[in-house]
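The values are calculated or read from the model by the stated rules, or taken from the named source; none is laboratory data. Computed from a predicted structure; not experimentally measured. So basically every Cβ, Gly included, is an ideal-geometry build from the backbone, and we count neighbours across all protein chains shown. Protein only, heavy atoms only, side chains kept; ligands, DNA and RNA dropped before computing areas. Shrake-Rupley method; radii C 1.70, N 1.55, O 1.52, S 1.80 Å.
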Amino acid sequence: MKIQKSPKPAIIVIFGITGDLSKRKLLPALYHLIKSDLLHENTRILGVTRQNITKKDLFDNVDLCVNEEKNICDPLAVKKMQKITQMHTMDMSIDSEYEKLSNLINVIEDEQNVCMERIFYLSIPPQAFDQIVEYIGKNKLNIGCQHEIAGSNLVIEKPFGFDLDSGKELIKKTGKYFNENQIYRIDHYLAKETVQDILQFRYANPIFAPIWNNKYVDNILIQATEEIGIENRINFYDKTGALRDFVQSHLLQLLTLVTMELPEKLNSSQIHHNKQQLFDQIQPIPKSKVEKRAIRGQYEGYKDQVENPLSFTETYAELELFIANHRWNKVPMRLITGKAMGKKRTDITLQFRTDKNGEYNRLTFRIQPNEGIELRLKVKKPGFAQTSQTALMDFDYEKTFDNHGHPDAYERVILDAIKGDHMLFATSQEVIAGWKIIQPVLDVWSKNSDGIKIYPIGSDGPN
């Protein structure tokens, strides 16, 4: 077999290809990569499912072109995707089934006459991770292609555990068969174009560097709110809640990007090194102060929706954190997330001090929707009086880049997993650090429903 240079040919094995995540995100992302000719011509997609369904059944129930302009598909790209996709029915809970899977992958490689990167994408409930990873490893699918020329990588979705102890256990079990360089823990927020621009903005605009500290920054607000409720994620969400679902992963990762020391180079190793330093400096909220510095809420009607009148799962979480270093000491960092809120928004705002009269400058990274960056400044009003008003400087992605758009987050993570680029993925150390930060709040909140605030659907959350 011949060895191929980048872009690498790959077998993308999707466990749970008929699931919601696969149909909403993975398959549309793969379609767009194929349409844009960003995958190697020998790449193949292997869908693993318990259901005995055909390839036609799968594609008849997927909107591949949801990310395309006017949802219009390229018929040639659709045809090509259908050609390179095949289905494999197996019981993922039976060890012997993985030998059959291994043989099938070997057959695909023989047909292509090339060693291929093996990407095992676990698009399945997290409680099934342990067993599937173990069976993949026991059947030596973790080693790589049959000639051991190309590698084998594991891609898993959050949550990475349920708390600190389970997070450590999951990392231990996956580490038994896959080393850190083979594991890609997806936090799709890190792959959003505007999130990537945070470090680039800081790196390429040194005029902000002297004021990026506690002398000038009064506070930092990171918020991710949605208008929708939990929709069809009832079983998952009532066991998880907003703190685990969003704060432990997405919001803490965003916080590190805004507050970490800039590396000399924007490469994977230096970025992760500096992120880890920052993670270690974020102070967990002491249990005695959780009541004052952590707010939880639940939208009206949630208990009826999940059919659990005793549920005190939070759909809103707000934390006040501090970072114990010379740059950010005593600057409050507020992290907010909520479901069924009045506005869909994800943004990061740094509020700068300007004078003693309560006047502020604000720098906001709009991650979604209306992606962009805005800076609010004080300017003199025309006229004889020395009075000022706020002026807005607004950079809009869509307008600036002529509406050409940018890659979907899942397109990036799939492509980077094939390339072997870890920059946009969470390390095991980052996962553990995230759990350590929120564990005291989880411990207090798990005891009872004291302090949970009910808020109206469509509101700004709890008072």
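Using a 1.4 Å probe on the protein heavy atoms, what percent of the accessible area of the chain belongs to carbon and sulfur? Walk me through the intermediate numbers first.
Numbers: 10780 of 22270 Å².
Of all accessible area on the chain, carbon and sulfur atoms account for 48 percent.
How big is the Kirkwood radius of region 313-444, worked out from every pair of different alpha carbons and given in Å to one decimal? Let's see the in-between values first.
Details: mean 1/r = 0.0524 Å⁻¹.
One decimal place: 19.1 Å for the Kirkwood radius.
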Positive end of the dipole of the chain, charges at C-beta (+1 Lys, Arg; -1 Asp, Glu), about the Cα centre: which of 72, 96, 268 has its Cα farthest in that direction?
268
Which value results for Rg/Rh of region 1-151 when Rg is the Cα radius of gyration and Rh the Kirkwood radius based on the inverse mean 1/r?
0.96
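Below 11 angstrom from the Cβ of residue 87, what's the summed charge of the other residues (Lys, Arg +1; Asp, Glu -1)?
Neighbour charge sum, excluding residue 87 itself: +1.
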Per the charge dipole of the chain (beta-carbon charges, Lys/Arg positive, Asp/Glu negative, Cα centre), the residue among 308, 129, 240 reaching farthest to the positive end is 240
Relative to the longest principal axis of the chain, what angle (0 to 90°, nearest 10) does the C-alpha long axis of helix 268-281 take?
50
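Beta carbons within 10 angstrom, averaged per residue: use that to sort the peptides 281-291, 133-143, highest first.
On the way: 281-291: 14.5, 133-143: 18.5.
Going from most to least packed, we get 133-143, 281-291.
Which number do you get for Rg(Cα) / (2.2 N^0.38 Å) in the chain? Walk me through the intermediate numbers first.
Numbers: Rg = 23.6 Å, N = 463, 2.2 N^0.38 = 22.7 Å.
Normalised Cα radius of gyration, the chain: 1.04.
Which net charge results for the neighbourhood of residue 294, defined as the other residues with beta-carbon distances under 14 angstrom from its beta-carbon, given Lys and Arg at +1 and Asp and Glu at -1? Spell out each step's value before the answer.
Details: positive: 244, 287, 289, 292, 293, 296, 334, 447, 453; negative: 291, 314, 318, 320, 443, 450.
Here the charged neighbours net out to +3.
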Of 23/168; 215/343; 168/292; 56/83, which ones are farther than 22 Å apart at the Cα?
23/168; 215/343; 168/292
Region 19-61 versus region 136-177: alpha-carbon centroid distance in Å:
22
Within 10 Å, count the other beta carbons around each residue, average over each peptide in 230-239, 167-176, and list them highest first.
167-176, 230-239
Tensor-based shape of region 65-172 (alpha-carbon gyration tensor, a/c under 1.5 rounded, otherwise prolate or oblate)
oblate
Ordering 374-385, 321-332, 254-265 by per-residue average of other C-beta atoms within 10 angstrom, highest first, gives 254-265, 321-332, 374-385
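Using the heavy atoms of the protein chains and a 1.4 angstrom probe, tell me the accessible area per residue for the chain in square angstrom. Don't skip to the end; give the middle numbers.
Details: 22270 Å² over 463 residues.
So the chain comes to 48 Å² accessible per residue, rounded to a whole number.
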Give me, ordered by chain and number, the residues 5 or more places off residue 459 or on other chains with an amide H under 5 Å from its own placed amide H.
342
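Taking the Cα centre of region 1-120 as origin, work out the dipole magnitude from +1 charges on Lys and Arg Cβ and -1 charges on Asp and Glu Cβ, in debye rounded to 20. Could you put the intermediate results ahead of the total?
Working: 17 positive and 17 negative charges, 58 e Å.
So the dipole magnitude of region 1-120 works out to roughly 280 debye.
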Round to a whole angstrom and tell me the spacing of the C-alpha centers of region 366-387 and region 244-302.
28
Tensor-based shape of region 377-463 (alpha-carbon gyration tensor, a/c under 1.5 rounded, otherwise prolate or oblate):
oblate
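Size of the dipole of the chain about the Cα centre, Lys and Arg at +1 and Asp and Glu at -1 on the beta carbon, nothing else charged, in debye to 20? Present the calculation step by step, with values, prior to reporting the outcome.
On the way: 60 positive and 61 negative charges, 224 e Å.
The dipole of the chain has a size of about 1080 debye.
Where nothing but the Cβ of Lys and Arg (+1) and of Asp and Glu (-1) is charged, how large is the charge dipole of region 290-415 around its Cα centre, in debye to the nearest 20? Please list the in-between numbers first.
Details: 21 positive and 18 negative charges, 164 e Å.
The dipole of region 290-415 has a size of about 780 debye.
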Farthest toward the dipole's positive end in region 389-449, which of 390, 434, 448, given Cβ charges of +1 (Lys, Arg) and -1 (Asp, Glu) about the Cα centre?
448
Helix 164-177 sits at what angle to the longest principal axis of the chain, using alpha carbons and giving 0 to 90 degrees rounded to 10?
30
Amide H of residue 454 versus every other amide H placed in the peptide plane: which residues, excluding those fewer than 5 positions away on the same chain, fall under 5 Å?
298
Would you pull out the residues with amide H under 5 Å of residue 260's amide H, same chain only if 5 or more places away, H placed 1.01 Å from N?
none
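Using the Cα gyration tensor of region 114-268, with a ≥ b ≥ c the square roots of its eigenvalues, what is the shape: rounded (a/c below 1.5), prolate (a/b larger than b/c) or oblate (neither)?
Taking the square roots of the gyration eigenvalues as a ≥ b ≥ c, region 114-268 is oblate.
When Lys and Arg each count +1 and Asp and Glu each count -1, what net charge do the other residues less than 9 Å away from residue 424, Cβ to Cβ, add up to? Write down the numbers at each step before the final one.
Values: positive: 412; negative: 187, 416, 421.
So the surrounding residues net to -2.
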Calculated from DSSP helices alone, with each H run of at least 4 adding -39500 (n - 2.57) and the total divided by the residues of the chain, [θ]222 nm to the nearest 500 comes to -9500 deg cm²/dmol
